[in-house]
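> To start, I am sharing the structure in question, which I have written as C-alpha cells.
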Amino acid sequence: MLSHLMLKLSTFAVFLSTLSLVDDVRTLPSLESAEFRCTPLAPRTNKLTSFPEGLGDNLPALTYVSVLKNLITTLREQDFAPIRDKVAVVDLMFNPVHCDCNVSFILDYPTSWHYFTCAAPRDVKNTYASNLQHKQLKCQGTT
C-alpha cells in the first residue's frame with residue numbers, strides 16, 4: 001500500500017498515468033512536481049468530507065477529477081475556482097451534498113460538474129443539481 005511508503009509521489013510520476021491506483025489519498029505526503037502529467041485524478045471512495053483544497057496545483061494536464069462515492073457535504077467555490085477553466089469533468093456523484101445557497105455557484109460551472117444528487121435539504125433531496133435553479137438553493141434565514 002502506497003501510504004506505507006515514505007517516498008514522495010513525484011518519484012512515481014514516470015510510472016503513473018492516474019492516481020486511481022492510490023488506495024487512500026489522505027495519507028499521501030503531497031502532490032508535488034510540475035512535471036507530473038496526470039490527466040485523470042480519481043480519489044474515489046476515500047471518505048473525503050470536502051473537495052481537496054489546492055487540487056490541480058502542479059497538475060497542468062489535469063482534465064478529469066472523480067471524487068465519486070466520498071462523504072462530501074459542502075462545496076466551496078474557492079476549492080473549485082482554480083480548476084474551473086482547465087478541468088473538463090468533475091464527478092461528484094454519490095456524495096451527500098447539502099444543496100443550499102452556498103453551492104449555488106456550481107450552477108454557473110460547466111454542466112458536467114453538477115451532475116450529482118442533493119442529499120439535503122428536504123425540498124431538494126434526491127434532485128439532480130443540474131435540474132436546480134438558483135432560487136431553489138436557499139440558506140436558513142433567507143427567502
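The values are calculated or read from the model by the stated rules, or taken from the named source; none is laboratory data. Not measured: the values here are computed from a predicted model. Cβ coordinates were reconstructed from backbone atoms using ideal geometry, including for glycine residues, and neighbour counts include every protein chain displayed.
> Can you tell me which residue in the stretch 48-62 is modelled with the highest pLDDT, limited to those that are farther than 12 Å from residue 92 by Cβ and within 12 Å of the chain's Cα centre (by Cα)?
Kept after step one, since they are farther than 12 Å from residue 92 by Cβ, are these residues of the stretch 48-62: 49, 52-62.
Applying the additional criterion that residues be within 12 Å of the chain's Cα centre (by Cα) yields 49, 52-56.
Values: 49: 91, 52: 84, 53: 84, 54: 83, 55: 80, 56: 78.
Here the residue is 49.
> If you don't mind, another one. Looking at (1) in contact with a Lys or Arg (Cβ under 6 Å, 6 or more places away or on another chain); (2) at positive phi, which one does residue 126 not meet, given that it meets all the others?
(1)
For (1) touching a residue at least 24 places away in the same chain (Cβ under 8 Å); (2) closer than 19 Å to residue 140 by Cα; (3) in a strand (DSSP E or B), each residue gets a yes or a no:
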{"position": "71", "(1), (2), (3)": "yes, no, no"}
{"position": "82", "(1), (2), (3)": "yes, no, no"}
{"position": "85", "(1), (2), (3)": "no, no, no"}
{"position": "90", "(1), (2), (3)": "yes, no, yes"}
{"position": "94", "(1), (2), (3)": "yes, no, no"}
{"position": "104", "(1), (2), (3)": "yes, yes, no"}
{"position": "118", "(1), (2), (3)": "no, yes, yes"}
{"position": "123", "(1), (2), (3)": "no, yes, no"}
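> How many residues does the stretch 112-124 hold that are modelled with pLDDT of 85 or more and not hydrophobic (A, V, I, L, M, F, W, C)?
Number of matching residues: 4.
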